[in-house]
Amino acid sequence: MPTRMDFTVRQDGDRLRARMDPPLWPGAEELVLVRKSDELFLLAEADDDGLKELWEWAALEFAFIDGRATGFEVRLPNDEAIASAKRVP
């Protein structure tokens, strides 16, 4: 498992998409963010037919300043933070 990666989030129509480089495993390069609450998102694998697999084992909890995401923590179901990310210019 990589210890560092680029994680790019972008708006794609009505969805938020994410790209991991390097991916956690083959096929996990392109993901969809599924809103669980205002700050909390789950990741899902998706194709043209819709969601294929929802990753419920971890959630992304975003931090915001003035409505703009500044980063996020990856949290397990027990709320333990296992990774973090900061927005880069």
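The values are calculated or read from the model by the stated rules, or taken from the named source; none is laboratory data. Remember, predicted model here, so these are calculated numbers, not experimental data. For neighbour counting, all protein chains shown are included, and Cβ atoms are generated from backbone atoms with ideal geometry for every residue, glycine included. Surface accessibility is based on the protein's heavy atoms, side chains included, excluding ligands, DNA and RNA. Shrake-Rupley method; radii C 1.70, N 1.55, O 1.52, S 1.80 Å.
A few points about this structure:
- Taking amide H positions as modeled 1.01 Å from N, with prolines and chain starts lacking one, the residues under 5 Å from R87 and 5 or more places away or on another chain are G71.
- Karplus-derived 3J(HN,Hα) values for the range 66-78, using 6.51 cos²θ - 1.76 cosθ + 1.60 with θ = phi - 60°, are 6, x, 10, 5, 10, x, 7, 10, 8, 10, 7, x, 7 Hz; glycine and proline are entered as x.
- Zone of W25's modelled label, taken as backbone nitrogen in the range 45-89 under 14 Å from a point 7 Å along Cα→Cβ: 45, 53-58
- Couplings 3J(HN,Hα) for the range 45-60, derived from phi with the Karplus relation 6.51 cos²θ - 1.76 cosθ + 1.60 (θ = phi - 60°), are 7, 9, 9, 4, 8, x, 6, 9, 8, 9, 8, 8, 7, 7, 10, 9 Hz, where x marks Gly and Pro.
- For the range 33-44, Karplus couplings with θ = phi - 60° (6.51, -1.76, 1.60), whole Hz, Gly/Pro x: 8, 10, 5, 9, 7, 4, 10, 10, 10, 9, 9, 9
- Put simply, the amide H of W55, placed in the peptide plane, has neighbours under 5 Å in L43, A44, E45, leaving out anything fewer than 5 places away on its chain.
- With DNA, RNA and ligands ignored, accessible area of E39 (1.4 Å probe; Å², nearest 10): 80 Å²
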